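The values are calculated or read from the model by the stated rules, or taken from the named source; none is laboratory data. Everything numeric here is computed off the predicted structure, so don't read it as measured data. Note: ideal-geometry Cβ built from the backbone for every residue, glycine included; neighbour counts use all protein chains shown. Note: accessible area is taken over every heavy atom of the protein model, side chains too, but ligands, DNA and RNA are not part of it. Shrake-Rupley method; radii C 1.70, N 1.55, O 1.52, S 1.80 Å.
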Amino acid sequence: MEILTDNGTLATTLRERRQRLAKVIDFPVILWSGQRSPRNFSANLYPFRASSHFLYFAGLSLENAAIFLHGGKLELFVDEAPPSSALWHGEMPKREAIAQAIGADAAFPLSELPSKSTGAATIAVQNATIYRQQTQILNRSVAPADAAEGIDRELAKAIASLRLSHDTGALSELRKAAAVTVEAHKAGMRATLTAKIEAGVRGAMEHVIIAHNMTDAYGGIVTVHGEVLHNEQYHHPLQPGDLLLADVGAETSMGWASDVTRTWPVTGKFSPTQRDLYQIVLAAHDACIDKIRPGIEYLDIHLLAASVIAQGLVDLDILRGQASDLVEMDAHALFFPHGVGHLLGLDVHDMEDLGDLAGYEEGRSRSSRFGLGYLRLNRPLKPGMLVTIEPGFYQVPAILHDPEMHSKYQEVVNWERLAQFSDVRGIRIEDDVLVTQEGSEVLTAKLPTDVDAIEQLIQC
Ligand code: GLY
Ligand code: MN
Ligand code: MN
């Protein structure tokens, strides 16, 4: 593990975070980092990535570690690597060196953690072995994070309130992730004319991420079947007439994510029908970003995207009626069935381990409406929040061929006209937008969205 020598900047950032936590809760907290999972046998492990709540306060992706937070102080609990591990894994930093890098007030072996357990709150980790350890050490049940109760729920709310608005340290990392992601997408565009299958483009994109010593923030989507929203297959050939949808984001070594989507033609030229639908999605993307500022409701941003898409489809004679009526009856969701975006930070869907506790303002819950049910964020925006804006247009067979949907929307869809757009299966345009005091800043703005610039990048 690499220990940062940054003149104490990391330690200062982390100290400020735990002091902010101490202002909103007065009980002690233990956060576990988690451990690696074996692929099939114990010496072949999946890459390790610490729990995001741990990372937020501890900064480094330490395996099998825990932190005790109380009154603005941090105590680190981690074992020294056994001498035998140096042969296979190299010398590991000593506990004291790690403690110094993260500005810990004290550091102990893991075996001493139980002495801190009385009255401590926690957040459940995803790893099952460590989850069992949490309940054993705290000597009580610990609900999964999205169903936390009592002090665990209070802790989840307190951490969410901190992590909702990014501090300078977080923003510096998020900007690095965004910059590398932009380069990865440009590399993907440049690789398209010579790639044979989706994996060829994916490889070019992930090459950039890996070469910057970063990882994917989530399973990359690089597909000619963009109608499968989280498609993770890469074997399809790139054939003339296909649009390629690439949703790929880098994550820095400290765990901060980016999340970007572009859609481009594999031949380097959009067809007229692809161009028409692309312009509608782009109009929704631009209109939403234009409206982002403190105080605006994210739900209204989502409804704005829905309304621009509905109007665009009316203008193309694919939908019939008034945009406002179409949105009211969720007709736009036939083609734009997901939310316009989500929080972004240490997790690509930031803090989604807490269910909707971070994404939804207290007292609000998910709508059961077809057009609103997948909205992951429903809060007024505040400075320091980082959100994605990612409208799309998709022809999802499971929606459009569903007899119930077909009959419900029979009158408002011009099915014959829609059939003329069969060379568009999925388009999404996604950027990472920071809410500032004055309005917004698109962290991924250096990656073009307009048709001509994208066509040019493919030819480079
Ligand atoms: N990359 C997943 C998403 O855009 O939500
Ligand atoms: Mn996203
Ligand atoms: Mn995405």
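Within the stretch 381-404, track down each residue that is closer than 24 Å to V224 by Cβ and part of a helix (DSSP H, G or I). Listed by number, the residues that qualify are P397, A398, I399, L400. Residues that are more than 16 Å from ligand 1 (Cβ to nearest atom), open to solvent by less than 40 Å² (accessible area, probe 1.4 Å) and in contact with a His (Cβ under 6 Å, 6 or more places away or on another chain) occur at least once in the stretch 308-323. The residue that is nearest to Y298 (Cα to Cα), counting only those in the stretch 410-444 that are part of a loop (DSSP other than H, G, I, E, B), open to solvent by 10 Å² or more (accessible area, probe 1.4 Å) and of a type in the set (A, V, I, L, M, F, W, C), is L443. Within the stretch 400-409, does at least one residue satisfy the condition of being open to solvent by less than 10 Å² (accessible area, probe 1.4 Å) and within 16 Å of ligand 3 (Cβ to nearest atom)? No, because not a single residue in the stretch 400-409 is open to solvent by less than 10 Å² (accessible area, probe 1.4 Å) and within 16 Å of ligand 3 (Cβ to nearest atom). With respect to the conditions (1) in a helix (DSSP H, G or I); (2) farther than 30 Å from P47 by Cβ; (3) of a type outside the set (D, E, K, R), A204 lacks only one, and its number is (2). Of all residues in the stretch 16-43, those that are among the polar types (S, T, N, Q) have Cβ atoms under 6 Å from Cβ atoms of residues that are open to solvent by less than 50 Å² (accessible area, probe 1.4 Å), 6 or more apart or on another chain, in Q19/G72; S33/A50; S33/S51; S33/F54; S33/L62; S33/A65; Q35/N127; Q35/I130.
For the stretch 445-460: of the residues being under 25 Å from the mean Cα position of the chain (by Cα) and in a loop (DSSP other than H, G, I, E, B), which is nearest to H285 (Cα to Cα)?
T449
Selection over the stretch 243-265 of residues that are assigned to a loop (DSSP other than H, G, I, E, B) and either open to solvent by 10 Å² or more (accessible area, probe 1.4 Å) or farther than 16 Å from A204 by Cα (or both) gives a count of 7.
Does A305 satisfy being touching a Leu at 6+ places or on another chain (Cβ under 6 Å) and buried (at least 20 other Cβ atoms within 10 Å of the Cβ)? Against the criterion (touching a Leu at 6+ places or on another chain (Cβ under 6 Å) and buried (at least 20 other Cβ atoms within 10 Å of the Cβ)), A305 does not qualify. Counting only residues that are more than 10 Å from ligand 3 (Cβ to nearest atom) and within 30 Å of F421 (Cβ to Cβ), the stretch 246-262 holds 1 of them. A count restricted to the stretch 168-204 and to residues that are open to solvent by 40 Å² or more (accessible area, probe 1.4 Å), touching a residue at least 60 places away in the same chain (Cβ under 8 Å) and closer than 22 Å to S440 by Cβ stands at 4.
Looking only at residues of the stretch 214-233 that are outside any loop (DSSP other than H, G, I, E, B) and either within 15 Å of ligand 3 (Cβ to nearest atom) or without any contact (Cβ under 8 Å) to a residue 24 or more places away in the chain (or both), we find that the one that is most open to solvent (accessible area, probe 1.4 Å) is D216. Given the condition in contact with a helix residue (DSSP H, G or I) (Cβ under 7 Å, 6 or more places away or on another chain), in a helix (DSSP H, G or I) and within 16 Å of ligand 1 (Cβ to nearest atom), answer yes or no: does some residue in the stretch 352-373 qualify? Within the stretch 352-373, one or more residues are in contact with a helix residue (DSSP H, G or I) (Cβ under 7 Å, 6 or more places away or on another chain), in a helix (DSSP H, G or I) and within 16 Å of ligand 1 (Cβ to nearest atom).
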